[in-house]
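Only one structure is covered here, and it is reproduced in the block below.
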Amino acid sequence: MKILDNVFLVPGVVANPYILVDSDGLTIIDTGLPRSERKILAYVASLGRSAHDVKRILLTHSDLDHVGGLAALHKLTGARTYASRIEADAIAAGKSSRQINISGFSVRRLMFTLLRPFMKAAPFQVDEVLTDGQILPALGGLRVIDTSGHTPGHISLFAPAAGILFCGDSLVTDENGIHGSRPGLTWDDAKAREAERKQAALGAHIVCSGHGPVVMDATGKFPL
Ligand SMILES: [Zn+2]
């Protein structure tokens, strides 16, 4: 799905992967659940590009639905891979970067307990550690923003020139707008609120989340 002339959402993958097109090649943000690499590369092909055009793979955080396709996608593309220090360490260990404690009985807790043994990605060593404020060479300057809260090392990516924000799971979108990191899946609620406020202040016009539709007219839709 085309978001801008040089920004695309790969449909049919959990969580949403995004493709950025620049003159030096493609950047992929997040890689979906394991075995999502085929769908992502089929979409790359639909843009008239090949796997070798993918130069960078950026990870917002180490949850399985964001890093599941990472190892295979790296192998097939040879792209350079990036994550924050905390998330890179978790990815290298093949684990989540935080413990999720869902209290009480709920369907979500039951599902989580049943699925836990399957919720692991193969350990993978990323090439480069991202730090807050770093500018990456995509979309005329893609800024790394520390949005820890959902996980301890979560990052978002913001391109001021295009007014577009890739927020991973630090924000969730639906038909009603933009919401904070999902309760029960959040490592630190206070930090998650701080990450919401920080992102609301960026002046982004377009918000691309890990879960939910792209919000094209984001002004005034951030959580208060
Ligand atoms: Zn997540």
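Dipole of the chain, Cα-centred, from +1 at each Lys and Arg C-beta and -1 at each Asp and Glu C-beta, to the nearest 20 debye? Don't skip to the end; give the middle numbers.
Working: 23 positive and 22 negative charges, 110 e Å.
Roughly 520 debye for the chain.
Within the chain, how many lysine pairs that are 8 or more places apart, or on different chains, have C-alpha atoms less than 18 Å apart? Kindly include the intermediate steps, with their values, before the conclusion.
Working: Lys2/Lys39; Lys39/Lys55; Lys39/Lys75; Lys55/Lys75; Lys95/Lys120; Lys198/Lys221.
Lysine pairs meeting both conditions in the chain amount to 6.
Amide H neighbours of Gly180 under 5 Å, counting only residues 5+ apart in sequence or on other chains, H built in-plane at 1.01 Å?
Excluding prolines and chain starts, which carry no amide H, the hits are Val172.
Quantify how much of the Cα-Cα distance distribution of the chain extends past 24 Å, in percent. List each step's numbers first, then the result.
Working: 9406 of 24976 pairs.
Tail fraction, whole percent: 38.
At 1.4 Å probe size, with the rest of the protein present, what percent of the exposed accessible area of the chain is carbon and sulfur atoms? Could the numbers behind the result be given before it?
Values: 5690 of 10200 Å².
Ligands and nucleic acids excluded, carbon and sulfur give 56 percent.
Can you give the net charge of the other residues whose Cβ lies under 11 Å from the Cβ of Ala138, counting K and R as +1 and D and E as -1? Write down the numbers at each step before the final one.
Values: positive: Lys55, Arg56, Arg143; negative: Asp22, Asp24.
For residues surrounding Ala138, the net value is +1.
Got a sec? Charge dipole of the chain, +1 on Cβ for Lys and Arg, -1 for Asp and Glu; which of Ala159, Leu139, Pro11 is way out at the positive end?
Value: Pro11.
If you keep only loop residues by DSSP, which trypsin sites (Lys or Arg not before Pro) in region 1-108 have at most 16 other Cβ atoms within 10 Å of their Cβ? Numbers along the way, then the final one.
Values: sites: Lys2, Arg35, Arg38, Lys39, Arg49, Lys55, Arg56, Lys75, Arg80, Arg85, Lys95, Arg98, Arg108; in loops: Arg35, Arg49, Lys95, Arg98.
The qualifying sites are Arg35, Arg49, Lys95.
Just the number please: accessible area per residue for region 124-178, 1.4 Å probe, all protein chains included, in Å². Let's see the in-between values first.
Values: 1740 Å² over 55 residues.
Per-residue accessible area for region 124-178 comes out at 32 Å².
Can you compute the helix-only [θ] at 222 nm over the chain? Use -39500 (n - 2.57) per DSSP H run of at least 4 residues, normalise by all residues, nearest 500 deg cm²/dmol.
Details: 6 runs with 52 residues, N = 224.
Helix-only estimate at 222 nm: -6500 deg cm²/dmol.
Taking only complete DSSP H runs, can you tell me which helices of the chain stretch 20 Å or more along their own long axis by Cα positions and average at least 1.0 on the Kyte-Doolittle scale? Each step should come with its number before you reach the end.
Numbers: long enough: none.
Span-like helices here: none at all.
The values are calculated or read from the model by the stated rules, or taken from the named source; none is laboratory data. Everything numeric here is computed off the predicted structure, so don't read it as measured data. No Cβ is skipped: glycine too gets one built from the backbone with ideal geometry, and neighbour counts run over all protein chains shown. Please note that ligands, DNA and RNA were not included when accessible areas were found on the heavy atoms of the full protein model with its side chains. Shrake-Rupley method; radii C 1.70, N 1.55, O 1.52, S 1.80 Å.
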